[in-house]
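Report on the structure given below.
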Amino acid sequence: MIQFQYERATTTKAAINGLANNSNARFIAGGTNLVDLMKRNITAPTKLVDINMVPLKDIQQQNGKTSIGALALNSAVADNKLIIEKHPLLSQALNAGASAQIRNMATVGGNMMQRTRCPYFYDTALPCNKREPGSGCGALEGLNRMHAIFGTSEQCIAVHPSDMCIALVALDASVLVAGPKGERRIPFEEFHRLPGNQPEKDNTLQNNEMIISVEIPDNAFAKNAHYFKVRDRASYAFALVSVAAALNMDGKVIKEARLAMGGVAHKPWRLKEAEKALAGKPATEETFRQAAEIAMQGAKAFKYNAFKLKLGPNVIVEALKNAAGLV
Amino acid sequence: MNEAFFDKKDYKPLDRVDGRLKVTGAAKYSAEYVLPNMSYAVLVGSTIAKGTIESIDSKAAERAPGVLAVISHLNAIKLPSYQSKGEHPSEPSTKGQPLRVFFDNKIYSNDQPIVAVVATSFEKARHAATLVKVQYNKEQHQTDLEANAEKAVLPASGKKNPKSPTADYDRGQIDAFANAPVKFEAEYVLPTEVHNPMELQSITAHWEADDKLTVYDKVQGTKMTQKNFAKEWNLPEENVKCIATFVGGAFGNGLHNWPHETAAIIAAKQVKRPVKLVLTREQMFTMVGYRPRTWQKIQMGATKDGKLVAINHQSIGQTSTYEEFTESTLQQTRMMYASPNVSTRYRILPLNLATPIWMRGPGEATGAFGLESAMDEVAHSIDMDPVDFRLLNYTESDPDKNMPWSTKYLRECYDEGKKRIGWENRKMQPGSVRDGEWLVGYGMGTGTFGANRNSATVHAELDKEGNLVMHCAITDIGPGTGTAMVQIASNTTGIPTEKIAFHLGNSEFPNAGLQGGSSTVNSVGPAVLAACNALKEQLITMAAAKGNAAFASAKPDDVMFDKAEIQLGGKSAKLTLGDLLKQNNIEKIETTNESKPDENRNKYSMNAFSMHFAKVHVHPFTGQVRVKKIVCCADAGTIVSPKTAASQMIGGATGGIGMALTEDAVMDHRFGRYVTKDLADYHVPVHADVPEIDVYFVNKPDLLADPVGSKGLGEIAIIGVAPAIANAVFNATGKRIRELPITPDKLI
């Protein structure tokens, strides 16, 4: 096997120092994606800094927000009482992702850092600008049934695969990161990026920065939230389209709404215009249909994923109906 | 024949005799044998679909730590069989020349094995394999079935033998369809499917001497493997041993000996050490066969009151450019329904792909998707219940072979299945039943498969403690062969199951064919029966010779055991087995018996039948399909092991759900490479996709087929499931999906 250095960090500081002076060093936690990537020769880090011993697993409530440690397991977050009570949307989204075995290994930070599942990215015999910049995009003229309809570029039309992140972007979460220069917060919506001319870059983390936690501000969405995922089998498949919908209701009227889509873009796709259109309206199928139409503005399909233009709005409506208790 | 033998009460559900070994990890699969001085091989596959290798740069790989050899056509020893151009050495034969691994620089398909890297550890071999650099001269490949359909050909088997299932077939008048009062015509497509058993294909090859080879190999036939490798290496058969004691699923991909097996044997010869080779999941898509993508067109003519007038059924399936793979896609169209006029046209299309191989329910499952969907479409067009439509066109004898059925209890399957699925809740008008937001639909599909039987031999020995030990070369790829054979032996002798052992999966044991084509219980079962009866004959002779007058006129059926005591005609013979052997001064008695198909096969048409009913929910806005219930009814003759047989039906129905809704090996034809080639992207059904599966067996013996009365059920468990689900989806939505799988995008 390719030789690499392995180091175990027990503090955030040690972990960050572990990356110093080595642009090819990576953190490893659950390893549910990174190990696959290494086995398939898609990435070959020269150093792995194991951060599983860093104490970042806590889930706590303070100062008007819920803070989830970067190393909290996906299953631990999904089953956490506080999360189920205050942010059921997140719990639902987590349980819609992967398998129980993977959720028991995967961490919150790792979930955010997972790479696309585009088959051209995973086959080193095929072109992929994300894996090998300049080699071309295999999916653009290829089998792009699973690919993006929003925010694509000529360089890359891959989608971000996470379910958890769709709920987090809807819930106005922010990401606390730490680096050699100290801590900073990144709004969740700005954490992942669109491919543009640099599809190899998935996110806006700077060199040697580490995810410390994800923070969700308190909200009034707990009663009316739903994560709706459509996939090719009943479980353990990536989304064709998924929608995270959260409503703050005043009787039958929507006070405010949060809406985000998965399976449609290189990043979790927040639908702010549709949210605005929902605010102040009665929670009816017609309202939802109108919001869905707004949400789909600017969508562009490729040869095999045109169905997403129709499935997308349908899933938005279904997610909102479920959130509003109309189903 | 002992009447009690066929009393179903006697066949109680029995836990798998090897269940404990399997769940505790004690069962040894082919990759789990540890030999001294073991080395490990990893295969490098081509990255083009057609052309030649220009150069291989293996320097870095050779220098990598632990590497023992980098083997390719440049330095591989040439096998004796590589010199001949003749028939495929493997049996059952597909015509053509199998891929000769490391023979020359030609590339016939993408991910064709071209280099083996052998090292002292698996990890070292895998790493070194990434260092091999290959340059190609690329040629234009063709991998797209539909784009090349006009180049399809009649296979050699069909040209040579007009009675072959692949030959052109016409019954009655060819133009009958044109004059039918009701005419229906449609095309159906089944995508490439991959067997994907849980266990990866693996082999450990060990040259115990220069001319003595042992392979621990994941195969469905130990004797087949022994014969093939003996031929391949020009060795006497007895110098080749194949061990496949446990096989972790196969579904057909172990019916052929593949290039990776030969690659491991070559490697073992060259490094002079045992070599273990395990395919990756990706290589399971390209190196060990698949169910070929198949296009079908059906024309069906009927009278307005539902009598079939004509069926014309044509199909085109993929094969490689070097072997003619064929399957019986259109066979059932000739015999399932009483249409006076039937024509079938079977074609194959050579493409730059690896050779396919039979996958569970092989061609019949593919053909049934066309035939049973078309039956549903015609029934709908004349406003007739699809079960009634089938009953109206029921065949009381085989109209293809012009022979009576040995047995056919399909009517019982229709009747029982309707009750169990709640068929009365089905509405003729699609889309008219709802459960909340979900649309509800019911569908059904029929299946049939030949009640195949091969010759088989079993060795049995019975000791004075009453322990019965049997041996046979047959493999068990999962259905529970050992369990079934133990039950047959127990029922024949009265010996309790825990005192019986059935050893299998070794080419040194007495002869048996492949575990394939639903033939095992029908073939090996009768040999077990024969061996048990032969042991009883010996006991009778011994007892009579020692003055037990009652035994003088006894027949094997009169003799049973109750623990170690011998019973005669249901009463104690006041004689124990131990006493009898002691009197004769022997430790044990033994026998070897062969059982073969008999002349009844020339007089009767022998088929197993199945009927699958499905209830589905379809979400009208998101296109999600949820199968809510499946009822499987099987006329498979005597069910000797009710528990493992039911498991087999459940597995088949699960495979049918995959076929209908999820499985699709998608190829990017620009590169000739699959893009869904792991278990994340190639979707086999998961637990959440599989509902309650209710299994019913008619359980009536077919003693014309074989003395056990069994007709086989591995294939009928899946044949007809996919159309049952597709028909239910139509009933739920009014949408007819003629290209599988039925994914959500096709229904919105």
Once both label points are put 7 Å beyond Cα along the C-beta direction, the B:Lys571-B:Ala26 separation in nm becomes 4.3 nm
Of the peptides A:30-36, B:246-252, B:360-366, B:138-144, how do they stack up when ordered by the mean number of other Cβ atoms within 10 Å, highest first? B:360-366, B:246-252, A:30-36, B:138-144
Enter the mean number of other protein chain beta carbons within 10 Å of the beta carbon of each residue in A:226-233, as an integer. 6
Reciprocal of mean inverse Cα separation for the stretch B:578-628 (Kirkwood radius, Å): 18.2 Å
Rounded to whole Å, √(5λ) for the Cα gyration tensor eigenvalues of chain A, largest first, gives 32, 25, 16
Which Rg and Dmax, in Å, describe the Cα atoms of the stretch A:63-164? 16.7, 51
Average other protein chain Cβ within 10 Å of Cβ, residues B:674-681: 6
What nm distance separates the two modelled labels at B:Lys427 and A:Lys13, each placed 7 Å from Cα along Cα→Cβ? 7.2 nm
Over the Cα atoms of the stretch B:419-529, each weighted equally, I'd like the Debye log10 I(q)/I(0) at q = 0.20 Å⁻¹, rounded to two decimals. -0.98
In Å, what Kirkwood hydrodynamic radius results for the protein assembly as shown from the alpha-carbon pair distances? 31.6 Å
Given the DSSP H assignment, sum -39500 (n - 2.57) over each helix run of at least 4 residues in the protein assembly as shown and divide by its residue total; what's the result at 222 nm in deg cm²/dmol, nearest 500? -7000 deg cm²/dmol
How are the alpha carbon pair distances in the stretch A:5-52 distributed across 5 Å bins from zero to the largest one, expressed in percent? 5, 24, 30, 24, 13, 4, 0
Please order B:Asp579, A:Asp123 by the number of other Cβ within 10 Å, starting at the fewest. B:Asp579, A:Asp123
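Pick out, in residue order, every one of the trypsin sites (Lys or Arg not before Pro) in the stretch B:663-722 that is DSSP loop and has at most 16 other C-beta atoms within 10 Å; say none if there are none.
B:Arg670
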Approximate shape of the stretch A:224-324 as ellipsoid semi-axes (Cα gyration tensor, √5λ), whole Å, largest first: 23, 15, 11
Please work out the Cα center distance from the stretch B:669-748 to the stretch A:65-130, rounded to the nearest Å. 32 Å
Within 10 Å of each Cβ of A:115-125, how many other protein chain Cβ atoms are there on average? 4
Using Cα pairs closer than 8 Å and at least 6 residues apart in sequence, work out the relative contact order for chain A, in percent. 16 percent
Can you give the % of DSSP beta bridges in chain B that are antiparallel, to the nearest 5? 80 percent
In whole Å, what is the distance between the alpha-carbon centres of the stretch B:571-612 and the stretch B:55-82? 52 Å
Based on the alpha-carbon set only, what is the convex hull volume of chain B divided per residue, in Å³? 161 Å³
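Just list whichever of A:Lys229/B:Lys735; A:Lys65/A:Lys223; B:Lys160/B:Lys297; B:Lys401/B:Lys615; B:Lys227/B:Lys596; A:Lys267/B:Lys628 have alpha carbons separated by over 28 Å in the model shown.
As for pairs spanning more than 28 Å Cα to Cα, those are B:Lys401/B:Lys615; A:Lys267/B:Lys628.
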Expressed as a whole-number percentage, the relative contact order of the stretch B:525-593 with C-alpha contacts under 8 angstrom and at least six residues apart is 31 percent
Leaving out same-chain residues fewer than 8 places away, which aspartates and glutamates sit with a Cα under 13 Å from that of B:Lys418? B:Asp385, B:Asp388, B:Asp694
Just going by the charge dipole of chain B, with Lys and Arg at +1 and Asp and Glu at -1 on Cβ, which of B:Thr733, B:Met659, B:Thr395 is farthest out on the positive end? B:Met659
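Apply 1/(1 + (r/R0)^6) to the Cβ-Cβ distance of B:Lys212 and B:Glu187, taking R0 = 56 Å, and write down the FRET efficiency to the nearest 0.05.
With R0 = 56 Å, the Cβ-Cβ based efficiency is 0.55.
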Determine, for A:Cys137, B:Cys532, the number of other Cβ atoms within 10 Å of each Cβ, and report the residues in order from fewest to most. A:Cys137, B:Cys532
Taking R0 as 22 Å, what FRET efficiency do you get between A:Lys47 and B:Ala60 from their Cβ-Cβ distance, rounded to the nearest 0.05? 0.50
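How do the peptides B:660-669, B:725-734, B:427-436, B:378-387 rank, highest first, by the average count of neighbouring beta carbon atoms within 10 Å per residue? Walk me through the intermediate numbers first.
Numbers: B:660-669: 22.8, B:725-734: 26.5, B:427-436: 12.9, B:378-387: 18.5.
Packing order, densest peptide first, comes out as B:725-734, B:660-669, B:378-387, B:427-436.
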Ranked on Cβ counts within 10 Å of their own Cβ, fewest leading, A:Thr43, B:Thr481 go A:Thr43, B:Thr481
What lysines does B:Lys582 reach when the alpha-carbon gap must be under 18 Å and sequence neighbours fewer than 8 apart in one chain are set aside? B:Lys464, B:Lys536, B:Lys546, B:Lys563, B:Lys574
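Read-outs throughout are calculated quantities, based only on the coordinates presented, and are distinct from any laboratory measurement. Everything numeric in this text was worked out from a predicted model, so none of it was measured. Quick reminder, even Gly has a Cβ in these numbers, built from the backbone with ideal geometry, and neighbours come from all protein chains shown.
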